[in-house]
Amino acid sequence: MIRKESGASLIELIMVLVISSLLAAVAAQRLLRDASQSQQRNAARTALRDFEYARNQAMIHGKAVKIKIDVQENRYSVRWAATGIYLNNPVAGGPFVRQFGKDAFLHVRIVDTGLPNGELVFTFTGKPVAASKALTAITTAIQFNGGHRVDVMPHTGQLKLIINSAAE
Amino acid sequence: MLKPLDSQRGMTLAELIVTVVVTGIIAGTMARVLSSSIDMYDFLNTRRRAVQDSRFALQRLSTELRQIASPDSILYAAEDSLTFYKHGGEPLSIGWSNHTLRLNGFPLANTIKQFSLKYYNDKQQQLSSPVGNVKKIWRIRIELVVSPKQHDFKLYHEVKPRNF
């Protein structure tokens, strides 16, 4: 009876440690990947919301708004087209500049824009204009790593969030 | 010293089954409560999205209608479509089919269950559609119904084009 009461041996302990650390490593990798994927998805959703806000502000105030997407600097900004003054960020306050690659968007990168110079203007009627000409075809305004993107519909100014389900 | 054998014995099968059943009942109730709140969240989200999209469409149409160059620059005015020249000569057509509202053939909103345009003369009388004499049009009323998850929302807006 006394022999049966003995604890785990060192080898057993090491085996348990090795197996659990292996499992933890796999889980951590998975979690990190999920985290960056959800950041990328979130970034595309945020861009959709911001662009809709910009467009609606143009219509509400009757003044054209310009969105400038800067792929190099990994950010976009929203200004009044006539004066070049930034709109206020409705949530965080301050000038409306959305910077990726840091904080909650650490793993997010803007990879492409289909807009000439990355510039999109919404006129006071909400119509999308690029390089002083009305858009004539569906144009990708912004594309993130992970493949998620926001498209602009010509004439109507409808914005479409396109989630790349293949990346998930 | 050795304890009496009785205190060393494990659980009986019956006890185990009772535990499993009780846990199952608790988990089932919790799942039901949780899934109903997820459904509600989903419903609210879909509704918010649909209402937001249709409000935008309504606003977008109104700002365009305000720019009709003059009463005789309307080419065609029917209940679900309208074609006209804007101030500045740019043509614009509004149309609705298959739940989609379109401007110049491009979708403006995709979840519009019903759409109708009503035309009134300067004596506030409704003109029958399609309007025969477009010069009589004085005021335009836009009505639309969105139906996220079978719940109808009706939105409308009235526009008097600024050049009339």
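Quick note: the coordinates plus some simple rules give every number you see, no bench work behind them. Please read all numbers here as calculations on a predicted model, not as lab measurements. All Cβ positions, glycine included, derive from the backbone under ideal geometry; neighbour counts span all protein chains shown.
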### Summary
Residues of region B:111-129 being charged (D, E, K, R) and in contact with an Asp or Glu (Cβ under 9 Å, 6 or more places away or on another chain), in sequence order, are B:Lys113, B:Lys118
### Query
Residues in region B:90-117 that are over 20 Å from A:Ala137 (Cβ atoms) and surrounded by fewer than 17 Cβ atoms within 10 Å (Cβ to Cβ): how many?
6
### Query
Would region B:38-51 turn up any residue that is in contact with a strand residue (DSSP E or B) (Cβ under 7 Å, 6 or more places away or on another chain), surrounded by 15 or more Cβ atoms within 10 Å (Cβ to Cβ), more than 30 Å from B:Ser128 (Cβ to Cβ) and within 14 Å of another protein chain (Cβ to nearest Cβ)?
yes
### Message
Among (1) more than 19 Å from A:Phe124 (Cβ to Cβ); (2) within 8 Å of another protein chain (Cβ to nearest Cβ); (3) touching a residue at least 60 places away in the same chain (Cβ under 8 Å); (4) not acidic (Asp, Glu), there is one condition B:Gln67 misses while meeting the rest; what is its number?
### Response
(1)
### Message
So, in region A:36-78, how many residues would count as being assigned to a helix (DSSP H, G or I) and more than 15 Å from A:Phe144 (Cβ to Cβ)?
### Response
10
### Query
Exactly one of (1) away from chain A (no Cβ under 14 Å); (2) within 21 Å of the chain's Cα centre (by Cα); (3) closer than 25 Å to A:Ile60 by Cα is unmet by B:Tyr85. Its number?
(2)
### Query
Name the pairs: first residue in region A:43-56 and in contact (Cβ under 8 Å) with a residue 12 or more places away in the chain and closer than 18 Å to A:Asn164 by Cα, second residue aromatic (Phe, Trp, Tyr) and outside any helix (DSSP H, G or I), Cβ to Cβ under 7 Å, at least 6 apart or on different chains?
A:Ala43/A:Phe100; A:Ala43/A:Phe144; A:Ala44/A:Phe144
### Query
Among the residues of region A:116-160, which ones are hydrophobic (A, V, I, L, M, F, W, C), more than 14 Å from chain B (Cβ to nearest Cβ) and farther than 30 Å from A:Arg33 by Cα?
A:Leu120, A:Val121, A:Ala130, A:Ala131
